[in-house]
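First the structure, in the form of structure tokens, and then the observations on it.
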Amino acid sequence: MNIHEYQAKDLFEQYDIPCPKGVAVQNEDDLPDAVSRISTPLIVVKSQIHAGGRGKGTFTDGFKGGVKLARTAEEAIGYGKQMLGNTLVTAQTGPAGRKVQTIYVTEGCGIKKEYYLAVLLDRATSRPVIVASTEGGVEIEEVAKKTPDKITKVYIDPAIGLADFQIRQILFKLGLNKQEGKNAASLIRNLYRMFWETDASMVEVNPLISTPDDEILALDAKVSFDDNALYRHPEILALRDLNEEDSKEIEASKVDLNYIALDGNIACLVNGAGLAMSTMDIIKHFGGSPANFLDVGGGASREQVIAAFKIILTNENVKGIFVNIFGGIMDCNVIAMGIVDAVKDVGLSLPLVVRLEGNNVEAGKATLATSGLTIVSGDSMADAARKIVDLVA
């Protein structure tokens with residue numbers, strides 16, 4: 001789960017991570033009061049969407065930049081009015097963009113040097129890793145590609161935690177002076193503590209800045225959390241902004257389905273994440289394009305299968321459906337009955353190819369065969385994938 005910058009900054013304050021003060025605004029009428037609470041000569045106005053590259057983005061009405069610097073209150077209010085309710089398109093939003101429903105008005109500050117700092121989970125080592133670089137303010141992927149030697153990674157043993165010598169290693173690589181190092185050490189320690197205690201999957205500060213007074217501040221914040229741990233953090237779950245999520249993914253989560261929308265035209269309904277990824281791969285192999293990742297889990301019910309079909313069909317790009325089920329724990333006949341009910345319920349007219357294998361598969365195939373519905377059976381995963389690709393071609 002992702003949260004907005006202003007929400008991340010609230011968490012930063014709770015963990016004593018220094019950052020510029022700011023005020024979040026959802027209504028134009030609140031802009032003058034919000035701006036009046038900023039005491040610095042420079043005022044920063046930031047669009048709040050779950051996507052990077054806001055500063056380089058363009059609004060659909062032609063207004064450029066989702067992050068603006070204002071030198072007067074009137075200018076800041078004007079920028080806020082331009083952004084609120086407008087749709088911002090960045091490299092990460094795609095051409096549809098995202099509607100800006102919140103802006104964040106913050107203090108401006110002098111910048112002596114920009115850095116990059118993040119804490120995230122390294123899946124290769126199953127350990128948290130702190131990533132730091134002297135090249136802040138730009139995309140870390142570009143730094144990794146062009147100047148990988150400027151990136152420092154420190155892996156942390158979760159049983160021991162972040163050690164002092166590891167903090168010193170980071171400070172040395174960043175080339176900070178004594179006072180900057182002292183301030184940065186405290187920030188790094190608290191940033192890791194926040195990452196660990198909130199079950200975050202990533203806490204990114206880009207840029208982390210040093211000021212002319214040798215302060216170290218988190219100028220920006222990008223934070224995401226492990227969905228599987230949110231039950232332990234109701235206060236963080238309350239920060240979820242459904243306006244920033246795909247409506248199909250929201251509906252899927254309500255019935256415990258794992259759904260991710262993609263750009264293709266062949267919908268997939270599969271049990272198991274590994275099989276789901278293999279299914280998408282084999283569709284691509286035969287020249288098709290998957291419209292989604294949809295994992296119904298190891299013990300899906302008929303109700304979940306029906307719900308899955310309804311969610312799939314809300315995507316207007318879908319031209320066919322591929323159901324690929326391996327019944328280990330799951331009973332293939334339960335899935336088959338769910339498929340039959342779903343097809344009747346939604347009045348499906350699109351091509352449907354089903355491949356069943358495993359537990360009670362013969363009963364499942366019989367249920368499909370005697371249903372009176374136009375359902376194409378696949379003898380194998382490859383056979384079924386080839387058939388659905390041909391049917392939507």
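Some observations on this one:
- Subset tally (residues that are surrounded by 13 or more Cβ atoms within 10 Å (Cβ to Cβ), more than 15 Å from the chain's Cα centre (by Cα) and closer than 30 Å to residue 178 by Cβ) for region 207-243: 12
- Restricting attention to region 274-318 and to residues that are of a type in the set (D, E, K, R) and in contact with a Gly (Cβ under 9 Å, 6 or more places away or on another chain), the residue that is farthest from residue 364 (Cα to Cα) turns out to be 284.
Matching residues to (1) at positive phi; (2) modelled with pLDDT under 95; (3) assigned by TED's automatic domain parsing to the domain that holds residue 210; (4) acidic (Asp, Glu):
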| site | (1), (2), (3), (4) |
| --- | --- |
| 98 | no, yes, no, no |
| 102 | no, no, no, no |
| 131 | no, no, yes, no |
| 136 | no, yes, yes, no |
| 141 | no, yes, yes, yes |
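- Scanning region 40-67 for residues that are in contact with a Lys or Arg (Cβ under 8 Å, 6 or more places away or on another chain) and either part of a strand (DSSP E or B) or surrounded by fewer than 18 Cβ atoms within 10 Å (Cβ to Cβ) (or both) gives 41, 42, 43, 44, 45, 46, 47, 52, 58, 67.
- Any hit, region 170-185, residues being surrounded by fewer than 19 Cβ atoms within 10 Å (Cβ to Cβ) and under 17 Å from residue 7 (Cβ atoms): no
Yes/no per residue for (1) more than 24 Å from residue 281 (Cβ to Cβ); (2) modelled with pLDDT under 90; (3) in a loop (DSSP other than H, G, I, E, B):
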| residue | (1), (2), (3) |
| --- | --- |
| 335 | no, yes, no |
| 340 | yes, no, no |
| 357 | no, no, no |
| 368 | yes, no, no |
| 387 | no, no, no |
| 391 | no, no, no |
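- If you go through region 315-364 and keep only what is touching a Phe, Trp or Tyr at 6+ places or on another chain (Cβ under 6 Å), under 23 Å from residue 250 (Cα atoms) and crowded, with 18+ Cβ neighbours inside 10 Å, you end up with just 342.
- Members of region 100-122 found to be of a type in the set (D, E, K, R) and loosely packed, with under 15 Cβ neighbours inside 10 Å, listed by number: 112, 122
- Here residue 346 does not qualify as in the same structural domain as residue 275 (by TED's automatic domain parsing) and modelled with pLDDT of 90 or more.
- Output for region 186-206, where each listed residue is hydroxyl-bearing (Ser, Thr, Tyr) and either touching a helix residue (DSSP H, G or I) at 6+ places or on another chain (Cβ under 7 Å) or buried (at least 17 other Cβ atoms within 10 Å of the Cβ) (or both): 192, 198, 201
- Complete set of residues in region 342-355 that are under 19 Å from residue 302 (Cα atoms) and not in a helix (DSSP H, G or I): 347, 348, 352, 353, 354, 355
- For region 1-48, a residue qualifies if it is modelled with pLDDT under 95 and hydrophobic (A, V, I, L, M, F, W, C), and exactly one does: 1.
Condition check ((1) over 25 Å from residue 10 (Cα atoms); (2) modelled with pLDDT of 80 or more; (3) in a strand (DSSP E or B)) across all residues:
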residue: 223; (1), (2), (3): no, yes, yes
residue: 228; (1), (2), (3): no, yes, no
residue: 239; (1), (2), (3): no, yes, no
residue: 248; (1), (2), (3): yes, no, no
residue: 253; (1), (2), (3): yes, no, no
residue: 256; (1), (2), (3): yes, no, no
residue: 260; (1), (2), (3): yes, yes, yes
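- Per-region count, region 104-140, residues assigned to a loop (DSSP other than H, G, I, E, B), farther than 30 Å from residue 81 by Cβ and of a type in the set (Asp, Glu): 1
- Among the candidates 261, 291, residue that is touching a Leu at 6+ places or on another chain (Cβ under 8 Å), among the small types (Gly, Ala, Ser) and either surrounded by fewer than 24 Cβ atoms within 10 Å (Cβ to Cβ) or within 19 Å of residue 376 (Cβ to Cβ) (or both): 291
- Here residue 128 meets each of (1) out of contact with any Phe, Trp or Tyr (no Cβ under 8 Å at 6 or more places or on another chain); (2) touching a residue at least 60 places away in the same chain (Cβ under 8 Å); (3) crowded, with 19+ Cβ neighbours inside 10 Å; (4) not basic (Lys, Arg) with one exception, condition (1).
The values are calculated or read from the model by the stated rules, or taken from the named source; none is laboratory data. Values in this document were obtained by computation on a predicted structure and should not be read as measured data. No Cβ is skipped: glycine too gets one built from the backbone with ideal geometry, and neighbour counts run over all protein chains shown.
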